[in-house]
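Q: I'd like to ask some things about the structure below.
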Amino acid sequence: MYKIKVYSAVLVMMFAILTASSAQTIPTGSQVDEAKWIAVLKSDASRQAKSEACRFLAVYGTRASVPVLAGLLADPELSHMARYAMEPIPGPEVDSVLRDALSRLEGMPLVGVIGSIGVRRDRQAVPALAKMVNHTDPLVSQAAARALGTIGNAPAAEALQSALADAKEIQLLHVGEGLLRCAERLHASGEQKRAMAIYDQLRQFEVPHQVRSGAIRGAILSRGKDGLVLLQEYLHDEDYHRFSAAVQTAQEMSDPGVTQLLTKALDKLDSDHKILTIWALGKRADKAAVPTLLGLAKEGEKAVRQEAIQTLPQIPDASTIPVLVALLDDSDREIAQTAQESLCSLPLPEVDTAVMKMFQGGQSDKRTKAMEMITRRRMTQAIPALFQAAGGKDAAVRPAAIRMIGELGSSDQLPSLLELLNKLGQSQDLNAIEQAIRAVCADAETRPSNVERIAKAAEQAEPTQKVVLLRVLRALGGEKALQSVRDAMKDTNTEVSTTAFRSLCSWETPDAAQDLLNLAKSRSEATERLAALRGYIRLIRDKGLSSRDKLAMCRQASGLVERDDEKRLLLGALGTINSPAAVAMIAPYLDSQATRQEAAAACLAVSEELLKGQNAASVASRLVEPLEKTVGATEGDIANRAKALLEDAKKKAGR
């Protein structure tokens, strides 16, 4: 009875705390009664309740919690949570309990306790942990080695050094990593000589390469300025792992002599070693390396040249620019492309000057490359020069220059682009200027004024240029643009009126719906009537229209559709209108083999949405007959879907 009362009280207390602040997993200190959580751990509460108690004790527990938590260390299900709660509790009581557990636990609970001892860095546990480094359970052995490394004092290091000599292959990695941690802690605490001795032992021992690499790094850095001698030794090591460790360590060394060692070593290295060394020089960003890198960029193995070229932007120096510019003409296209990318990436204003010099030169290919870099570097100061090229005689440069204006410019460039349009006549130039005008007018804030300006320009433009502006107006949209297109349909020039008609048929907003409906009814050419009707039906899908408006448009279109493809287009629009009236309009098309599949799909799409809605009961009866017709007209999966919806409709209609 007592246990039941305690357990019930605990549950009530936990519920009160958890519901008092749903935004907090852990309550404030004033809300916590340590004794109550200890009571949870002593009770028959669930594993989840005890785990929750441990979480609270991890924040608010004191030495009073230690005995009950110690009793959970052997529990496979709660050992982890007990240690989670104990690790933050200050005082020697926790350390004593964990050390005592070393002799009585085994398996994963023992591994966990060893880990907690490491977390708490209990130096008194070193003798016991030292004995466990050679434990028969490899997980225990590994945990002991890691814990000793985390403790990291001299006795821990000595224990691991002794274990290293007799360590089995499976233990070498963990013993070695533990020793590395010891060396790092010893070095940080001022015991450089002891740390250096460990690094030297590991780099000369047959340990896994990642341990040896760490030891090489430590051995070099711990020697200070004297580390240059050891660095130089490893820069000539044929083993790639040892060489790599030295080169990567060089990045951490501020001594200018490091750059000199790296650059001198390059002459005797193979391609792979050179590439890694070049990479390190880039990370060091020492300008003393630039002359060497420039030499490697100019000639030699392709992979090495590319690495050198790619590294140059990491060490910004004006002397790099002429070399990269010259490499743009390299016979190897990949080298030339790499040089161009590096030149674009170089964060120096002198690059812009060099690019503009290229652009203003006489060679078309160089001017084209320069324009690519102008765009990559977002050189808006080049816009006046681009306009000059856009109106020039070089047919290969003109359209590219116009496109660059569109990419770099804003609506401020619109007047100049409109003026330029009146001077151009070749199709590639006109296409480019159309793209450019659309690009600079993309900003929503300036769009109305831009449309006004373009519409005015269209009124005065010659037919060829007017055609371009009509296409731009269609893309920009709006009432003013639509009116300009309407007016242009009356133009006596056939190309202009045809472009206006096509623009209207591809209009993207419903404000053109009535125009298209009128055209679908009045045009004498069947192809034009069909184009207008298609444009009209396409607008029915606009999300801004209400279901009532969409139905009204569908009814207008239904009287005009004649061909099967037009009917299928209409069915696609009806399938987006969630209304019983849409289903009623769809049903007759189930009678024709040519439209049956589209009609069934539209009927099912609308019915599914209606039967999921809040008004399903009130509309269900109106869906029964169309769904019955769909079941009879279809087969396979579609028929099965229709049957399921039919049953649902009947049920909700009360039939």
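Q: For segment 468-509: of the residues being over 15 Å from residue 451 (Cα atoms) and among the β-branched types (Val, Ile, Thr), which is surrounded by the fewest Cβ atoms within 10 Å (Cβ to Cβ)?
A: 492
Q: I'd like the full set of residues that are surrounded by fewer than 16 Cβ atoms within 10 Å (Cβ to Cβ) and part of a helix (DSSP H, G or I), limited to segment 442-452. Let's see the steps before the verdict.
A: Taking segment 442-452 as the starting set, the residues that turn out to be surrounded by fewer than 16 Cβ atoms within 10 Å (Cβ to Cβ) are 442-445, 448-449, 452.
Answer for segment 442-452, where residues must be surrounded by fewer than 16 Cβ atoms within 10 Å (Cβ to Cβ) and part of a helix (DSSP H, G or I): 448, 449, 452.
Q: Please state which one of 96, 103, 30, 22 is of a type in the set (Ser, Thr, Tyr) and modelled with pLDDT of 95 or more. Spell out the reasoning first.
A: On the way: 103 fails: modelled with pLDDT of 95 or more; 30 fails: modelled with pLDDT of 95 or more; 22 fails: modelled with pLDDT of 95 or more.
Selected residue: 96, the only one of 96, 103, 30, 22 that is of a type in the set (Ser, Thr, Tyr) and modelled with pLDDT of 95 or more.
Q: Still on this structure: I need a count of the residues in segment 391-404 that are in contact with a Leu (Cβ under 7 Å, 6 or more places away or on another chain) and assigned to a helix (DSSP H, G or I).
A: Our first condition is that a residue be in contact with a Leu (Cβ under 7 Å, 6 or more places away or on another chain); within segment 391-404, this holds for 391, 401, 404.
Within this subset, residues satisfying the condition of being assigned to a helix (DSSP H, G or I) are 401, 404.
Total satisfying the criteria: 2.
Q: Next up: Given segment 550-636, what helices (runs of 4 or more DSSP H) lie entirely inside it while holding 2 or more residues that are acidic (Asp, Glu) and not assigned by TED's automatic domain parsing to the domain that holds residue 646? Write out each step before concluding.
A: Values: elements: 564-574, 580-586, 596-612, 616-633.
Result: 564-574.
Q: Collect the residues in segment 250-283 that are of a type in the set (Lys, Arg) and buried (at least 20 other Cβ atoms within 10 Å of the Cβ), keeping them in residue-number order.
A: Residues of segment 250-283 that are of a type in the set (Lys, Arg), as a first pass: 264, 268, 274, 283.
Matches in segment 250-283: 274 only.
Every residue, every condition in (1) among the aromatic types (Phe, Trp, Tyr); (2) crowded, with 18+ Cβ neighbours inside 10 Å; (3) under 45 Å from the mean Cα position of the chain (by Cα), yes or no:
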| site | (1), (2), (3) |
| --- | --- |
| 572 | no, no, yes |
| 600 | no, yes, yes |
| 607 | no, yes, yes |
| 617 | no, no, no |
| 635 | no, no, yes |
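Q: Considering only segment 284-319, state which residues are hydroxyl-bearing (Ser, Thr, Tyr) and closer than 16 Å to residue 344 by Cβ.
A: We begin by selecting, within segment 284-319, every residue hydroxyl-bearing (Ser, Thr, Tyr); these are 292, 311, 319.
The answer is 311, and nothing else.
Q: Right, another one. Quick check on my filter: what residues within segment 336-390 are small (Gly, Ala, Ser), assigned to a helix (DSSP H, G or I) and over 23 Å from residue 295 (Cα atoms)? Even if it seems obvious, please write down each step before you answer.
A: If we filter segment 336-390 for residues that are small (Gly, Ala, Ser), which is where we start, we get 336, 339, 342, 345, 354, 361-362, 364, 370, 382, 385, 389-390.
Now drop any that are not assigned to a helix (DSSP H, G or I), which leaves 336, 339, 342, 345, 354, 364, 370, 382, 385, 389-390.
Across segment 336-390, the qualifying residues are 364, 370, 382, 385, 389, 390.
Q: Could you check segment 45-87 and list, in sequence order, the residues that are among the polar types (S, T, N, Q) and not in a helix (DSSP H, G or I)?
A: Going through segment 45-87, the residues among the polar types (S, T, N, Q) turn out to be 46, 48, 51, 62, 65, 79.
Across segment 45-87, the qualifying residues are 46, 62.
Q: Moving on to the next point. Checking the conditions here, which among 512, 531, 520 is surrounded by fewer than 21 Cβ atoms within 10 Å (Cβ to Cβ), part of a helix (DSSP H, G or I) and not charged (D, E, K, R)? Write out each step before concluding.
A: Working: 512 fails: surrounded by fewer than 21 Cβ atoms within 10 Å (Cβ to Cβ); 520 fails: surrounded by fewer than 21 Cβ atoms within 10 Å (Cβ to Cβ).
Of 512, 531, 520, the one residue that is surrounded by fewer than 21 Cβ atoms within 10 Å (Cβ to Cβ), part of a helix (DSSP H, G or I) and not charged (D, E, K, R) is 531.
Q: Of all residues in segment 42-51 being closer than 13 Å to residue 77 by Cα and not hydroxyl-bearing (Ser, Thr, Tyr), which is surrounded by the most Cβ atoms within 10 Å (Cβ to Cβ)? Lay out the reasoning, then the answer.
A: Step one: filter segment 42-51 for residues closer than 13 Å to residue 77 by Cα, giving 46-51.
Then keep just the ones that are not hydroxyl-bearing (Ser, Thr, Tyr); that gives 47-50.
On the way: 47: 11, 48: 8, 49: 17, 50: 23.
Filtering segment 42-51 for residues that are closer than 13 Å to residue 77 by Cα and not hydroxyl-bearing (Ser, Thr, Tyr), the one surrounded by the most Cβ atoms within 10 Å (Cβ to Cβ) comes out as 50.
Q: Being in contact (Cβ under 8 Å) with a residue 24 or more places away in the chain and of a type outside the set (Lys, Arg): is that true of residue 428 here? Walk me through how you get there before you give the answer.
A: Details: in contact (Cβ under 8 Å) with a residue 24 or more places away in the chain: yes; of a type outside the set (Lys, Arg): yes.
The answer is yes for residue 428.
The values are calculated or read from the model by the stated rules, or taken from the named source; none is laboratory data. All values reported here derive from a predicted model rather than from experimental measurement. Methodologically, a virtual Cβ is constructed for each residue, glycine included, from the backbone with ideal geometry; neighbour enumeration extends over all protein chains shown.
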